[in-house]
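Enquirer: If you scroll down you'll find the structure; I have some questions about it.
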Amino acid sequence: MESVLYRLGRACFRRRRLTLAVWALVLAALGVGAATLSGPTDDAVSLPGTESWRALEVVEAEFGVDSSARVVFTASGDSVLTGPDQRSAVRAAVAALRNAPRVAAVSDPYEAGTVAPDGRTAYATVTYPVHATDIGAADRDALRDAGNTARRAGLGVEYAGEVTEAEEASGGTELLGLAVAAVILLVTFRSVVAAGLPLLTAIVGVTAGTLGITIATGFLDLPSNTAALATMLGLAVGIDYALFLLSRYRHELAAGRDRDDAAGRAVGSAGTAVVFAGLTVVVALAALAVVGIPLLAAMGVAAAGTVAVAVVLSLTLLPALFGVAGRRIGPRAGAGGRGERWTRSVVGHRIVASVLCVVVVGLLAAPALDLRTALSDDGTAPADSTQRKAYDQLAAGFGAGVNGPLLVVVRGADAPAVSARAQRVVAGLDGVVVATPPTVNRTGDTAMFTVLPATGPTSEATRELVHTIRAERARLTGGATLAVTGRTAVDVDVSEKLNRALWPYLAIVLGLAFVLLTVMLRSVLIPVKAVLGFLMSVAASFGVLVLVLPSPLDSFLPIFLVGVLFGLAMDYEVFLVTRVREEHLRGAPPDDAVVVGTGYSARVVTAAALIMISIFASFIPSGDGIIRSLGVGLAVGVAVDALLVRMTLGPAVLSLFGRAVWWLPPWLARFLPNGGVRHL
């Protein structure tokens, strides 16, 4: 691989104008495609094959497709909504809502019985005859304008429900992360041109990835936060990969190489590490498809594509930019320095360093024992959002369960009688506030009724209630079938499937990474060390998330965080250990190989980690719950992994095992392809 990449890097350097022209054409083609082929995003969570999803399809087939919003009215001061003026204001708003575009029906709170017992809160349900994903910004604006007629009369008005969810958005926070990254690069390279190249390639990579995702929305159902996720990862890995290649290029210049030869050698050596590191990220993200949730698979594949683009850009566009920059990129001024002194200190106190790292990570990971997950809903929206305000007002006025009703669907020839009997039994279960009378379809073979739990949609008690109703079906249904569905039940099924899939998924990515690292580094112990170190980092990340964010965490977060953080952790492992291996192959004693190899990479790895931390932290203010949580988890995970696990515990362990680090069973050595990183 090194020789192939050497020729590629040298060719791109020499034919830099052609390389730049090709990338310009690629971006132009992607831009045209994004402008002409894009489609809407889709945040609906589907879980084909589960009880709740099959029942939801039955409801849509028998009772029609619809979506809804809740307009929540609250009285001001000491007044109540049952007063004549307040009643008039609410009914005027209901009339305006009925005239809003695409609205099929609006319930009157006074007729539907949706006025709270204290008279201070009420809600109207606005029904649309289409999926929530088909409701556009103009429809949501019309909804708010109609509801706000009550606000002008002095009432409080907030909005909740699936129709309103698409309106929360935020962006631009990554600019702060880029600014911090620019400062770190400037300090690292002490050259404006050298510092600008990683930023330029990362921005080009993110642009290409985002345009590709925009095109994909015309053919695939992608969630709205896919682009934000791809931007987060694309910026982080794009800057990091370019950083390592640029550092190696300057090192080769310092060794007296010609510029085209230096570019080829940088791509051949550091580029090999970039390919393997990028491959582990791509494998980890693409493996999300095995979980069986289309939304998660789409996000994983889109993010993996962006990372793949970052790898290709680093190997082709960056050496071309080396040629354009010419002598404005100077050779690296010395190596080792503080990084070598730090590594020598760690090696000299390897047992103490190992114990301290394990203790610190253990303390950070301890809160993860209380980890709870549930899918995001209006209750996890930002505190100042209209969805969160409406959620809290409804819970205060009607009880927490009003935000998470369940839908029980009965199907069979005697559906009316069975559903009536089931409704009476379910109404008497612990944790049920009310079960409404059943609604029967026109053919009389399907019925459904709503169950209002006493607890909120993310509560453990609500999850148990779903399972209790399902457990009762055998004595309720006779010859009919009974299923529990609705958003809350779908969320329960999704969360449980994600939790069950976490360990098999972890085994897949760890196993594949073990194989890749064994082939690359021709060692058994180092892949074991890399995997165990990652588990320490992810445990610390979960611990800090539980400590600083409200519980429960989003159900998608653990498995996605594992996939992303694993790939990034392997980046540092590959970049650090390949340099140690080069020193080992040159004949350096074990401790000297560790000190020189790690010390050589320490400055750049530290800069790369700080850049990743700043990029991820810049997404913490995001209005999207998953993106915000990933920002926290990845910033903490990268800090722990790079600074503690890889730069401190790693050298200590390598020193403890000495030459045994590079042991490989003879039978395995004969079996493996000779694809390991050597040196040019």
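Enquirer: Only one of L610, L649, L656 is touching a residue at least 40 places away in the same chain (Cβ under 8 Å) and in contact with a Cys (Cβ under 6 Å, 6 or more places away or on another chain); which? Steps first, please.
Expert: Working: L610 fails: in contact with a Cys (Cβ under 6 Å, 6 or more places away or on another chain); L656 fails: in contact with a Cys (Cβ under 6 Å, 6 or more places away or on another chain).
Answer to the selection: L649.
Enquirer: Which of (1) outside any loop (DSSP other than H, G, I, E, B); (2) crowded, with 18+ Cβ neighbours inside 10 Å does S376 not meet, given it meets every other one?
Expert: Result: S376 passes all but (1).
Enquirer: Among the residues of the stretch 428-460, which ones are within 19 Å of A400 (Cα to Cα) and aliphatic (A, V, I, L, M)?
Expert: Those that are within 19 Å of A400 (Cα to Cα) and aliphatic (A, V, I, L, M): L429, V432, V433, V434, A435, V451, L452, A454.
Enquirer: Next question, about the same structure. For V360, which of the numbered conditions (1) in contact (Cβ under 8 Å) with a residue 24 or more places away in the chain; (2) surrounded by fewer than 18 Cβ atoms within 10 Å (Cβ to Cβ); (3) closer than 30 Å to T485 by Cα; (4) within 32 Å of the chain's Cα centre (by Cα) fails to hold?
Expert: Only one criterion is unmet by V360, namely (3).
Enquirer: Something else: Being surrounded by fewer than 24 Cβ atoms within 10 Å (Cβ to Cβ), assigned by TED's automatic domain parsing to the domain that holds G637, without any contact (Cβ under 8 Å) to a residue 24 or more places away in the chain and aliphatic (A, V, I, L, M) narrows it down to one of V528, V548, V544, so name that one. Full working, then the answer.
Expert: Working: V548 fails: without any contact (Cβ under 8 Å) to a residue 24 or more places away in the chain; V544 fails: without any contact (Cβ under 8 Å) to a residue 24 or more places away in the chain.
Only one candidate qualifies: V528.
Enquirer: Only one of these conditions is not met by L222: (1) surrounded by 21 or more Cβ atoms within 10 Å (Cβ to Cβ); (2) part of a helix (DSSP H, G or I). Which number is it?
Expert: The single condition L222 does not satisfy is (2).
Enquirer: Considering only residues of the stretch 580-639 that are part of a helix (DSSP H, G or I) and of a type in the set (S, T, N, Q), which is nearest to L553 (Cα to Cα)?
Expert: The qualifying residue nearest to L553 (Cα to Cα) is S629.
Enquirer: So for the stretch 564-571 (the condition being surrounded by 24 or more Cβ atoms within 10 Å (Cβ to Cβ), among the small types (G, A, S) and under 18 Å from L506 (Cβ atoms)), does at least one residue qualify?
Expert: Yes, that holds for at least one residue.
Enquirer: Tell me which residues, restricted to the stretch 128-152, are outside any helix (DSSP H, G or I) and either without any contact (Cβ under 8 Å) to a residue 24 or more places away in the chain or buried (at least 17 other Cβ atoms within 10 Å of the Cβ) (or both). Show your work before the answer.
Expert: In the first step, residues of the stretch 128-152 are kept if they are outside any helix (DSSP H, G or I); the result is 128-131, 135-136, 152.
The answer is Y128, I135, G136, R152.
Enquirer: Does L178 count as in the same structural domain as D240 (by TED's automatic domain parsing), of a type outside the set (D, E, K, R), outside any helix (DSSP H, G or I) and surrounded by fewer than 23 Cβ atoms within 10 Å (Cβ to Cβ)?
Expert: Details: in the same structural domain as D240 (by TED's automatic domain parsing): yes; of a type outside the set (D, E, K, R): yes; outside any helix (DSSP H, G or I): no; surrounded by fewer than 23 Cβ atoms within 10 Å (Cβ to Cβ): yes.
Taking the combined requirement at face value, the residue does not satisfy it.
Enquirer: When you go through V324, V301, V237 one by one, which is the residue that is in a helix (DSSP H, G or I), of a type in the set (V, I, T), closer than 25 Å to G31 by Cβ and without any contact (Cβ under 8 Å) to a residue 60 or more places away in the chain? So that I can check it myself, show each step before the final result.
Expert: On the way: V324 fails: without any contact (Cβ under 8 Å) to a residue 60 or more places away in the chain; V237 fails: without any contact (Cβ under 8 Å) to a residue 60 or more places away in the chain.
On inspection, the qualifying residue turns out to be V301.
Enquirer: Yes or no: G268 more than 17 Å from V574 (Cα to Cα) and either buried (at least 20 other Cβ atoms within 10 Å of the Cβ) or modelled with pLDDT under 90 (or both)? Talk me through it step by step, then tell me what you get.
Expert: Values: more than 17 Å from V574 (Cα to Cα): no; either buried (at least 20 other Cβ atoms within 10 Å of the Cβ) or modelled with pLDDT under 90 (or both): yes.
Spelling it out, it is not the case that G268 is more than 17 Å from V574 (Cα to Cα) and either buried (at least 20 other Cβ atoms within 10 Å of the Cβ) or modelled with pLDDT under 90 (or both).
Enquirer: Tally the residues that are small (G, A, S), buried (at least 17 other Cβ atoms within 10 Å of the Cβ) and out of contact with any Phe, Trp or Tyr (no Cβ under 8 Å at 6 or more places or on another chain), restricting the search to the stretch 400-419.
Expert: If we filter the stretch 400-419 for residues that are small (G, A, S), which is where we start, we get 400-401, 404, 412-413, 415, 417, 419.
Subset that is buried (at least 17 other Cβ atoms within 10 Å of the Cβ): 400-401, 404, 412, 415, 419.
Remaining after also requiring out of contact with any Phe, Trp or Tyr (no Cβ under 8 Å at 6 or more places or on another chain): 400-401, 404, 412, 415.
Within the stretch 400-419, residues that are small (G, A, S), buried (at least 17 other Cβ atoms within 10 Å of the Cβ) and out of contact with any Phe, Trp or Tyr (no Cβ under 8 Å at 6 or more places or on another chain) number 5.
Enquirer: Out of A353, A365, I need the residue that is under 30 Å from I626 (Cβ atoms) and either outside any helix (DSSP H, G or I) or of a type in the set (G, A, S) (or both). Which one? Steps first, answer last, please.
Expert: Numbers: A353 fails: under 30 Å from I626 (Cβ atoms).
Matching residue, one of A353, A365: A365.
Enquirer: Here is a further query. Taking A539, is it of a type in the set (A, V, I, L, M), part of a helix (DSSP H, G or I) and farther than 20 Å from A304 by Cβ?
Expert: On the way: of a type in the set (A, V, I, L, M): yes; part of a helix (DSSP H, G or I): yes; farther than 20 Å from A304 by Cβ: yes.
When the stated conditions are applied, A539 passes them.
Enquirer: Scanning the stretch 83-101 for residues that are without any contact (Cβ under 8 Å) to a residue 40 or more places away in the chain and in contact with a strand residue (DSSP E or B) (Cβ under 7 Å, 6 or more places away or on another chain), which turns out surrounded by the fewest Cβ atoms within 10 Å (Cβ to Cβ)?
Expert: R98
The values are calculated or read from the model by the stated rules, or taken from the named source; none is laboratory data. None of these values were measured; they are calculated from a predicted model. As a convention, Cβ positions derive from the backbone with ideal geometry for all residues, glycine included, and neighbour counts pool all protein chains shown.
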